[in-house]
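See below for the structure under consideration.
The values are calculated or read from the model by the stated rules, or taken from the named source; none is laboratory data. None of these values were measured; they are calculated from a predicted model. Counting neighbours? That spans all protein chains shown, and the Cβs are built from the backbone with ideal geometry, glycine included.
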There are 2 protein chains.
Amino acid sequence: MQAIDTLIIPRWIVPIEPAHTVLSDHALAIDQGRIVALEPTAQALSRFAPRETIRRPQHVLLPGLVNLHTHAGMTLLRGVGDDLPLMQWLQTRIWPLEGKLLSDAFVTDGTALACMEMLQGGVTTFNDMYFYPEAAVHAAQQAGMRIAASIIVIDFPSAYAPDADSYLNQGLALRDTLNDEPLVSFCLAPHAPYSVSDAAFARVQTLSEQLNLPVHVHLHETQTEIEDSLRHYGCRPLARLERLGLLGPQLIGVHAVHLTPLEIEQLAQLGCHLAHCPSSNLKLGSGIAATAAWREAGINFGLGTDSSASNNRLDLWSEMRLSALLAKGSTGNATAASAMQTLQAATLDGARALGLEQQIGSLVPGKAADLCLVNLGEPSSQPIYDVLSHLVYVAGREQVSDVWVAGQQRIVAAQYHDPAHKAALMARLAAWQPQLKSL
Amino acid sequence: MQAIDTLIIPRWIVPIEPAHTVLSDHALAIDQGRIVALEPTAQALSRFAPRETIRRPQHVLLPGLVNLHTHAGMTLLRGVGDDLPLMQWLQTRIWPLEGKLLSDAFVTDGTALACMEMLQGGVTTFNDMYFYPEAAVHAAQQAGMRIAASIIVIDFPSAYAPDADSYLNQGLALRDTLNDEPLVSFCLAPHAPYSVSDAAFARVQTLSEQLNLPVHVHLHETQTEIEDSLRHYGCRPLARLERLGLLGPQLIGVHAVHLTPLEIEQLAQLGCHLAHCPSSNLKLGSGIAATAAWREAGINFGLGTDSSASNNRLDLWSEMRLSALLAKGSTGNATAASAMQTLQAATLDGARALGLEQQIGSLVPGKAADLCLVNLGEPSSQPIYDVLSHLVYVAGREQVSDVWVAGQQRIVAAQYHDPAHKAALMARLAAWQPQLKSL
């Protein structure tokens, strides 16, 4: 008998690879943070001696979800300035508030809150973009969550850095100190075409090639962004990024609400990835991204919540359901965006965009044991015809019961595994609340 | 001291009337199923002697939600035939399955399941449309939920009735037997323009006038419905209903995805009500209703989940959030559909469509104590700037902790109040599952 850490025996397993697979009578074996086997339960019981066996006869096991775009450090601004358009929201609420509040402590506590919310909802990896990435990484490590941290650059000064080169240098220095951390990876994160100069984009592209890092950038979010670019640069933002050499398989373009058919074709041909944030795009009045056309063209895309200031839930189940529904409703084609395609976007396709598809995103032996269990046993999930479709159209994050990151259980029976950590965070939030409320 | 049944002392109260009101340090007093006072906590404590006092220092109290359109009896078909367009879904899945399964027991158990799900999510009233309304009423009464039951009519035979007159006669007979039931009201429910003849519509309209009953009808859901009507009747469905005399304040038109600006104007002028079902409209590829234009024109509308075969959650929190986001995203105007307007649509405006605005929909002394408490104390709701906006953009049904219908508590600490009833239902569902799975 082979000693292992954990054997999970749920009612169903959805491994994501191969697609359209729902296994019954199967078990997943974990050892030293990795998946070591996915096989019939009887076989697993006959050859493994697990230190812990977890049986969940009403639950489905699937990979932890990948949140491909968020600003976790903004979570203390949840719900500030709702019902406002993007530019007014940024200029009258978000930027002035950030100007007053931005600090290591603000990002630490905001990210800690975001991690707790995301883990509880089955998200095990997030692609972050925010100031003080060292604070974000620290909070993610405290929570035991996987982070793609940002080497952020933006062409205006903040409490974090005075100019573009300083942003980049600080991010690169942080990356050097964290090179061996197993749950931490990095993306270069030039904020957006309207806030980053040609020179800074050029340096980002050079660094991306030298260090083999993804480039995480807001792109074609609003019509205004495109019109401003035409005025300032004489071309659309995408054309400008092409000229600067940024279009390629290292790119993760976020939002991409406004693309021409030719631009979609171009992104597909160059192997660029996109991050779709449907709630945020609707809430800020930006529009509806043409994800059915993206998929048709062959673009790989994942799902993102964006920040809790523009969503206001860091809930990838809401984004899954909404992205599938919007693809159908906006095209008039109810077969657009199947449940399987949507589950893949929230897991493996997001991992692929981050260059992490060899490590996470599906339940394949050798990959990290980033997992979530979803309870389909309550009345609101009955009856069950199709587990895949139930995960997308029926399930909500409240049904996530247990979550593992690299084999460590972070959510146990729907509760954060460390009540003392949660209580300490809630106390710090209570201390923030009066200061925030007065803004 | 005045003896009363219950005093609820939450952190906040959102009475819906007056609009934009969030009360702190207030309590709600209930006696004999009705709201008797909403006043400062100190005052309430000084003059009432409640048999039960409920303190919820993290929660917001608001009226129970009104689900303005569902087919509760279809809940056993949850998730059947996902990712299919409306007509194929109806013709190859729903109608054949209903042909095989439809019975009193099917509707009883489906409605019981729907009631449990809806109550748990803070819905206290639902406007139903389905066969065997006596079974639906029975299930709703068992669950202690308020139902607007349907006097359904459709021009094809079913196990329930052979022809249009029989449908109407059976529904009218049922209404006669239930006239004194406090939680039961009725709507005439001609299924849709494509499934109901002129003669049946004419009789519906006569009955509506004689009995003062609302008329609940699917309307302009798809472009196909409109094209078919042009072919068969030489006019659009709305024009046909106008010709038959059905457009007026008794009408509750469901979906209304495809309306011209002139039709919107006409519906507003005639005082018609609409039921907006955003998830179902997207999922079936029907499109996006122009609710911002409806509101601009002055049309009263509520929110509906539609059935769990086309949604697949009977979750009015999802519909609130989605309806607000869609109004913004589809118009490019982030100020469309404010949180307050959306909360009102899910409560008072739905009640108004049903003619029940004197009884439910807001927390006003004299109205029935249909209430729900929502927990805003968990990390995923922190921090809190604006309670109204948190209810729409942050909260999910999982945050509903306690629900009352006519002063009777049906959900207690997020659990259905009668565990034996729940266990019996789950056992019956387990018995259905093999039969359903084989279809």
Determine which single condition B:ALA192 fails, assuming it passes every other condition in (1) at pLDDT below 95; (2) closer than 18 Å to B:VAL254 by Cβ; (3) of a type in the set (Gly, Ala, Ser). (1)
With A:LEU303, A:LEU325 as the choices, which residue is of a type outside the set (Lys, Arg) and either farther than 30 Å from A:GLY73 by Cα or within 8 Å of chain B (Cβ to nearest Cβ) (or both)? A:LEU325
If you go through the stretch B:89-123, how many residues are at pLDDT below 95, within 14 Å of B:GLN435 (Cβ to Cβ) and within 13 Å of chain A (Cβ to nearest Cβ)? 2
In the stretch B:390-420, anything surrounded by fewer than 16 Cβ atoms within 10 Å (Cβ to Cβ) and part of a helix (DSSP H, G or I) is listed as B:PRO419, B:ALA420
Qualifying positions in the stretch A:405-427 - of a type in the set (A, V, I, L, M) and more than 21 Å from A:ILE30 (Cα to Cα): A:ALA420, A:ALA423, A:ALA424, A:LEU425, A:MET426, A:ALA427
Going by what's in this entry, would A:VAL387 be described as out of contact with any helix residue (DSSP H, G or I) (no Cβ under 8 Å at 6 or more places or on another chain), of a type in the set (A, V, I, L, M, F, W, C), over 25 Å from B:PRO379 (Cα atoms) and within 14 Å of chain B (Cβ to nearest Cβ)? yes
Looking only at the stretch A:160-182, count every residue that is touching a residue at least 12 places away in the same chain (Cβ under 8 Å) and more than 17 Å from A:ASP104 (Cβ to Cβ) and tell me the total. 7
Which of the numbered conditions does B:LYS367 fail, given that it passes all the others? Conditions: (1) in contact with a helix residue (DSSP H, G or I) (Cβ under 6 Å, 6 or more places away or on another chain); (2) within 14 Å of B:GLY64 (Cβ to Cβ). (1)
Residues of the stretch A:410-439 satisfying the condition of being more than 11 Å from chain B (Cβ to nearest Cβ) and in contact with a helix residue (DSSP H, G or I) (Cβ under 6 Å, 6 or more places away or on another chain): A:ARG410, A:ILE411
All conditions in (1) acidic (Asp, Glu); (2) under 24 Å from A:ALA289 (Cβ atoms); (3) touching a residue at least 40 places away in the same chain (Cβ under 8 Å) are true of A:ASP198 except (2)
Answer yes or no: is there a residue in the stretch B:48-56 that is within 14 Å of another protein chain (Cβ to nearest Cβ) and either over 29 Å from B:ASP349 (Cβ atoms) or not hydrophobic (A, V, I, L, M, F, W, C) (or both). no
Pairs needed: first member in the stretch A:18-46, outside the structural domain of A:SER338 (by TED's automatic domain parsing); second member anywhere, among the polar types (S, T, N, Q) and surrounded by 13 or more Cβ atoms within 10 Å (Cβ to Cβ); C-beta distance under 8 Å; at least 6 residues apart or different chains. A:ALA19/A:GLN344; A:ASP25/A:THR41; A:HIS26/A:THR41; A:ALA27/A:THR41; A:ALA29/A:THR6; A:ILE30/A:THR6; A:ASP31/A:THR6; A:GLY33/A:GLN408
Residue check: is A:ALA309 within 20 Å of B:ASN281 (Cα to Cα) and either within 11 Å of chain B (Cβ to nearest Cβ) or without any contact (Cβ under 8 Å) to a residue 60 or more places away in the chain (or both)? no
Among the residues of the stretch A:88-104, which ones are aliphatic (A, V, I, L, M) and either exposed (fewer than 15 other Cβ atoms within 10 Å of the Cβ) or under 22 Å from the mean Cα position of the chain (by Cα) (or both)? A:LEU90, A:ILE94
Residue that is farthest from the other protein chains (Cβ to nearest Cβ), among those in the stretch A:330-348 that are touching a Gly at 6+ places or on another chain (Cβ under 6 Å) and not β-branched (Val, Ile, Thr): A:LEU348
If we scan the stretch B:394-401, do we find a residue that is in contact (Cβ under 8 Å) with a residue 24 or more places away in the chain, within 11 Å of chain A (Cβ to nearest Cβ) and small (Gly, Ala, Ser)? yes
Restricting attention to the stretch B:218-234, does a residue exist that is free of Cβ contacts under 8 Å to residues at least 24 places away in the same chain, within 14 Å of chain A (Cβ to nearest Cβ) and of a type in the set (Asp, Glu)? yes
Surrounded by 18 or more Cβ atoms within 10 Å (Cβ to Cβ), without any contact (Cβ under 8 Å) to a residue 40 or more places away in the chain, under 20 Å from B:ARG56 (Cα atoms) and within 14 Å of chain A (Cβ to nearest Cβ) - does that describe any residue in the stretch B:369-377? no
Every residue from the stretch B:143-199 that is among the acidic types (Asp, Glu) and either under 21 Å from the mean Cα position of the chain (by Cα) or surrounded by 14 or more Cβ atoms within 10 Å (Cβ to Cβ) (or both): B:ASP155, B:ASP163, B:GLU181
Please verify whether the stretch A:10-28 includes one or more residues that are touching a strand residue (DSSP E or B) at 6+ places or on another chain (Cβ under 6 Å), within 24 Å of A:ALA413 (Cβ to Cβ) and part of a helix (DSSP H, G or I). no
Answer residue from the stretch B:57-78, given it is within 12 Å of another protein chain (Cβ to nearest Cβ) and out of contact with any Pro (no Cβ under 8 Å at 6 or more places or on another chain) and is nearest to B:LEU23 (Cα to Cα) among those: B:GLN58
Based on this model, can you work out whether B:ALA351 counts as buried (at least 20 other Cβ atoms within 10 Å of the Cβ) and either at the interface with chain A (Cβ under 9 Å from one of its Cβ atoms) or assigned to a loop (DSSP other than H, G, I, E, B) (or both)? no
Among the residues that make up the stretch A:9-17, is at least one of them out of contact with any Leu (no Cβ under 9 Å at 6 or more places or on another chain), over 25 Å from B:GLU378 (Cβ atoms) and within 14 Å of chain B (Cβ to nearest Cβ)? no
